[in-house]
Structures are given as structure tokens and as C-alpha cells.
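Have a look at the structure below before the remarks.
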Amino acid sequence: MAKNKYYVVWKGAKPGIYHSWAECQAQIKGFAGAQYKGFESETEAKKAFKSSPYAYIGQAGKSKPSPKFNSKSNIITPSISVDAACSGNPGVMEYQGVNTQTGEQLFHMKYPIGTNNIGEFLALVHGLSYLKKHNLPIPLYTDSKIAMGWVKKKECKSKLDETPKTKELFDFVRRAEQWLKSNTYSTQILKWDTKNWGEIPADFGRK
């Protein structure tokens, strides 16, 4: 007989512990940035609900994730994928980071004006900071070679002009550059193989 499952919803229409997938799904369907996970026992679920979701999302049980290759695609999991989207270039820009396996949104930012490359850069730095903060030794995927190069050089090389409309964006860019210069990290930044794997899981689907 299959074990009963308990579903923890940290972020959804009504956070709580649910006893079926249908009940859980009702809380997360259509809810942007929903955070949830299934557990085999009520004890685990209760403990998880009282804790940060980032200690459990994308993980099995209590242990830290151990990255491994998916034999079918060579995608390393668990991992985080990041991507950016821009309505016009420049235009309204946003980026997000998601759990590569589940697609669960882990972070998201939006700016009134920016470029896709700046978004990709900020997404990578946000991902690095996120993984270091939560002590997660897993890889970070991006489909942007440009952003990878900027992160390596610890500098955003965008040609976008700083104006009153872009000041807030550039404040975040400077914070990102400063983070890179004042922090060390062991995270692997990997190039997403779009040709063989399809769009990166963090893609906004606006192409």
C-alpha cells in the first residue's frame, strides 16, 4: 500500500499542510511564486512548515542536495536556472530563478526599464547570492554567455545610459558588482544547452 503523503504549502492561496495533492493544487494553481513540497510523514511536514521553504524545496528529506547528472540529458540536478525577459530592448525587464527540476519560482525581480543582458547578469548574481545564503552546493544554469562573461569579470558592461528612469536599476547593478567583488563562491555556473534541451526552465515563454 502506498504511503500517505502530506503537502506543505509555504506560499499559496492559503499556506498550510494538506493531505492530498488535489487540496495542495487548489492552493498553488495560478499563484505566482507558489512554494510547496510533498512529505511522506506528518511529522516531517509539520517540521518543514515551521521552517524556511528553501531548506526543503528541491530536496529529498533532511539532507543537503547532492548534484548528479540526469542520464538522459546530462542536466545536473538539483540545480537552479535563471533567465530574463525584456519587452523591448530597452524596455520593461524582469528576471527569475527557478528550481530546474520542478519549475518552482525561487526569486523574481522586475524593473520599469532595462535590457535583457542586464537582466541575465542580475539574475546570475542573485542566484549566486541565493545559493550562498542558503548554503546550497548546487549548480546555476544560464543561457547567456554574455552574462557569464560579465560575472567572471565582476562588471556589467552594458551600454545602457543611466538616467533618472534607470537610476534604480543601476543602483542594483552596482550592488551586484560589489557583491561579486566582496564575496567568494564555489557555485558552478553552467551554460544551458538550448539546442539539445529546449528552453531553460526559467524562460518566460515570450519568444
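The values are calculated or read from the model by the stated rules, or taken from the named source; none is laboratory data. Remember, it's a predicted structure, so these values are computed and weren't measured experimentally. Every residue, glycine among them, receives a Cβ derived from its backbone with ideal geometry; neighbour counts consider all protein chains shown. Surface areas here come from the heavy atoms of the whole protein model, side chains and all, with no ligands, DNA or RNA. Shrake-Rupley method; radii C 1.70, N 1.55, O 1.52, S 1.80 Å.
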**Asked** In percent, what relative contact order does segment 113-162 have, based on Cα pairs under 8 Å that are 6 or more apart in sequence?
**Response** 49 percent
**Complete:** Checking ALA45, ALA147, ALA22 against a Gaussian network model of the chain (alpha-carbon springs below 10 Å), the top fluctuating residue turns out to be ALA22
**Fill in**
Counting only protein heavy atoms and rolling a 1.4 Å probe, one gets per residue an accessible area for segment 92-207 in Å² of 53 Å²
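If the only charges are +1 at each Lys and Arg Cβ and -1 at each Asp and Glu Cβ, what is the size of the charge dipole of the chain around the Cα centre, to the nearest 20 debye? Don't skip to the end; give the middle numbers.
Numbers: 31 positive and 18 negative charges, 89 e Å.
Roughly 420 debye for the chain.
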**Prompt:** Say R0 is 35 Å: what FRET efficiency, to the nearest 0.05, do LYS159 and ASN135 get from their beta-carbon distance?
**Reply:** 0.45
**Request:** Have a look at the DSSP beta bridges in the chain and tell me what percent are antiparallel, nearest 5.
**Result:** 85 percent
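Report in % the part of the accessible area of the chain that belongs to carbon and sulfur, leaving out ligands and nucleic acids; probe 1.4 Å. Display every interim value, and only then the final one.
Numbers: 5860 of 11580 Å².
Reported share for carbon and sulfur atoms: 51 percent.
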**Complete:** Output row, site LYS110, 7 Å Cα→C-beta label point, backbone N cut-off 20 Å, window segment 158-172, residues 165-172
**Request:** Would you mind getting me the FRET efficiency between LYS191 and LYS5? Use the beta-carbon distance for r and R0 = 35 Å, nearest 0.05.
**Result:** 0.45
**segment 166-194 and segment 112-156: distance between their alpha carbon centers, rounded to Å** = 5 Å
**Request:** Quick one: angle between helix 167-182 and the longest Cα principal axis of the chain, in degrees between 0 and 90, rounded to 10, please.
**Result:** 80 degrees
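Please report, in cubic angstrom per residue, the volume enclosed by the convex hull of the alpha-carbon atoms of the chain. Spell out each step's value before the answer.
Numbers: hull volume 29.4 nm³, N = 207.
Roughly 142 Å³ of hull volume per residue.
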**Prompt:** Zone of PHE204 (label point 7 Å along Cα→Cβ, backbone N under 19 Å): which residues in segment 144-171?
**Reply:** 144-148, 158-161, 165-171
**Complete:** For segment 115-207, the Debye formula with one identical point scatterer on each Cα and no solvent gives log10 I(q)/I(0) at q = 0.16, 0.26 Å⁻¹ as -0.69, -1.42
**Fill in**
Of all lysine pairs in segment 160-207 that are eight or more residues apart or on different chains, those with Cα atoms under 30 Å apart total 8
**Message:** On C-alpha positions alone, give me the angle between the axis of helix 116-133 and the longest principal axis of the chain, in degrees, nearest 10.
**Reply:** 50 degrees
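How about segment 90-173: which trypsin sites (Lys or Arg not before Pro) there lie in a loop by DSSP and see at most 11 other Cβ atoms within 10 Å?
On the way: sites: LYS110, LYS132, LYS133, LYS145, LYS152, LYS153, LYS154, LYS157, LYS159, LYS165, LYS167; in loops: LYS154, LYS157, LYS159, LYS165.
Of the trypsin sites (Lys or Arg not before Pro), the ones in loops of segment 90-173 whose Cβ has at most 11 other Cβ atoms within 10 Å are LYS157, LYS159.
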